[in-house]
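A.B. asks: To start, I am sharing the structure in question, which I have written as structure tokens.
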Amino acid sequence: MRWSPRPAPEAGITSLLTAEVTKDPLLSHVLAVRGIQDYQEAKSFFRPELEHLHDPYRMKDMEQAVERIEQARLKKEHVMVFGDYDVDALITIANNNFSIFNFITYIYFC
């Protein structure tokens, strides 16, 4: 897969975002490139509502993963949680109080 840059947004949208959302023209440009055009869309992007998030069960094999974690919990098996090196994975793995892991007794983060 090749990366291809998106076309530059209209200057008016970037200026509007700079005035209404952020004082940083670079951040305004990034938001505009992502298709965000006004304050309300920026707010939805930065503070999403739970009902606007995707259903995690749409991910491939999510049901099998949940069943396996539940089996490990019931049998008091050891669980190792692995995360890659992007920001969301690092934060999740570093925060061992993350609610999804609170019920597991034997957990190892790596």
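Nothing in this text is a laboratory measurement; each read-out follows from the coordinates by a stated rule. Since this is a predicted model, take the numbers as computed values, not measurements. Note: ideal-geometry Cβ built from the backbone for every residue, glycine included; neighbour counts use all protein chains shown.
A.B. asks: Sequence neighbours fewer than 8 away in the same chain don't count; with that in mind, list the lysines whose C-alpha is under 23 Å from LYS23.
C.D. replies: By straight Cα distance, LYS23 reaches LYS43.
A.B. asks: Mind listing the Cα extents of the range 11-52 along all three principal axes, in Å, largest one first?
C.D. replies: Cα spread of the range 11-52 along its principal axes, largest to smallest: 32, 16, 13 Å.
A.B. asks: A follow-up question, please. Expressed as a rounded percentage, what relative contact order does the range 11-52 have, with Cα pairs under 8 Å and six or more residues apart?
C.D. replies: RCO, the range 11-52: 36 percent.
A.B. asks: Turning to a different aspect of this structure: Any idea how far apart GLU49 and MET80 come out in nm if each label point goes 7 Å out from Cα toward Cβ?
C.D. replies: If labels sit at GLU49 and MET80, their model points lie 4.2 nm apart.
A.B. asks: Which lysines, on any chain, are close to LYS60 with Cα under 28 Å apart, when same-chain ones fewer than 8 places away are left out?
C.D. replies: LYS75, LYS76
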